[in-house]
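Asker: The structure that follows is given in the form of structure tokens.
Values in this text are rule-based calculations from the coordinates and carry no lab data. All values reported here derive from a predicted model rather than from experimental measurement. In this analysis, Cβ positions are derived from the backbone assuming ideal geometry, glycine residues included, and neighbour counts consider all displayed protein chains.
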Ligand code: NI
């Protein structure tokens, strides 16, 4: 192992492979990918600017995941108390979502059955050898080519209020087995790892089981943290993000649209129930970056990067928050929502002290 002094502050010069509709897309080499913390520090400026980035992991890493998708591991997944999303609109392109918990549990198989009932109508002819009897975890996502996604995206925004999608969001758990040591969402080397307590979804992984139209409305992360989202398998997710340079303009517009809600809670967007279409926002002069997140890929979200999106169909994703040391300056300025009783509150001062004592003795944080 190299000494700390040797490694300190050496960031890599990494550029996006390309941009997809404003979203930087990275294709790291295995050497870059192996060091989660340093890779993230190296690409940080791109993420802050765009709000989100997409990371396509090296093939070598994907091949190391076979132990995650055994029948035994998949059978452990429990989707608990999913939310039924009632979506209303009284202004074209502006929506409010009511999330109602459904008190029951689903296995992955039961969830896949349920999602079939919510699938959108297929327009194109399907061939005779089409086989819907795929085993869970071996989902065929090839039908979601970019043309089909464009068609579905249009249909999503047109028909959002007609149905009540169900979303298996915020289910504690992880599909990564313990032998996965690189970009294992359940144990990422980062500042939040130093916290004394485990807060579900914040420094403990959550699973998200999607169906067609299951929606995540515009929000920032709790305490303006970073987040990481990996699709284990299934249909893609559509993501939208607001460039950091426009985050205030965006907030002011939402504030105007939801005056009463803002008066009740200045941090109302943290409730994740206020939605607006990219077309609407663009008409109001706000740039909306967008990208399609496919199975086997990561999306990272950044402080001050408002994001939103929806699922194109049955899928299973895993997500958690994380922080780089540069986040400490951001955390000082963060206002959190006080109207939701279980709103996340990290003891930042205590974490700062721990970070400094660990930094002296370790090579983890460059
Ligand atoms: Ni988020």
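Asker: Helix-only estimate, please: 222 nm mean residue ellipticity of the chain, summing -39500 (n - 2.57) across DSSP H runs of length 4 or more and dividing by its residues, to the nearest 500. Working shown, then result.
Answerer: On the way: 12 runs with 99 residues, N = 366.
Roughly -7500 deg cm²/dmol at 222 nm, from the helical runs in the chain.
Asker: Continuing with the same structure: Report the calculated FRET efficiency for residue 110 and residue 25 (r = Cβ-Cβ distance, R0 = 45 Å), to the nearest 0.05.
Answerer: 0.85
Asker: By its C-alpha gyration tensor, with a ≥ b ≥ c as the square roots of the eigenvalues, how is segment 48-109 shaped: rounded for a/c under 1.5, else prolate for a/b larger than b/c, else oblate?
Answerer: It is oblate, given that a/c is not under 1.5 and a/b is not larger than b/c.
Asker: Give the relative contact order (percent, whole number) for the chain; include only Cα pairs under 8 Å separated by 6+ residues.
Answerer: Values: 688 pairs, mean separation 93.8, N = 366.
Relative contact order for the chain comes out at 26 percent.
Asker: As a test of the definition: which semi-axes, in Å, follow for the chain when you take the square root of five times each eigenvalue of its alpha carbon gyration tensor? Largest first, please.
Answerer: They are 31, 26, 20 Å, listed largest first.
Asker: Counting other beta carbons within 10 Å of each residue's own, what order do 274, 314 fall into, fewest first? Intermediate results must be reported in sequence, preceding the final value.
Answerer: On the way: 274 20, 314 25.
The fewest-first ordering by Cβ neighbours comes to 274, 314.
Asker: Going by how many other Cβ atoms sit within 10 Å of their own, how do 42, 241 line up, fewest first?
Answerer: In increasing order of surrounding Cβ atoms, one gets 42, 241.
Asker: To two decimal places, what compactness ratio does segment 175-256 give when its Cα radius of gyration is scaled by 2.2 N^0.38 Å?
Answerer: Cα Rg divided by the expected 2.2 N^0.38 Å: 1.33.
Asker: Can you give the Rg and Dmax of segment 262-366 based on its C-alpha atoms, in angstrom?
Answerer: 17.6, 52
Asker: Sorting 219, 92 on the 10 Å Cβ count, fewest up front, what's the list?
Answerer: Result, fewest neighbours first: 92, 219.
Asker: Here is a further query. Quote to one decimal, in nm, the extra length available between residue 354 and residue 145 on full extension: 0.36 nm per residue of separation minus the C-alpha distance between them.
Answerer: On the way: separation 209, 0.36 × 209 = 75.24 nm, distance 4.66 nm.
Taking residue 354 through residue 145 to full extension adds about 70.6 nm, to one decimal.
Asker: Label points 7 Å out from Cα along the Cβ direction at residue 118 and residue 338: separation in nm?
Answerer: Rounded to a tenth, the inter-label distance reads 3.5 nm.
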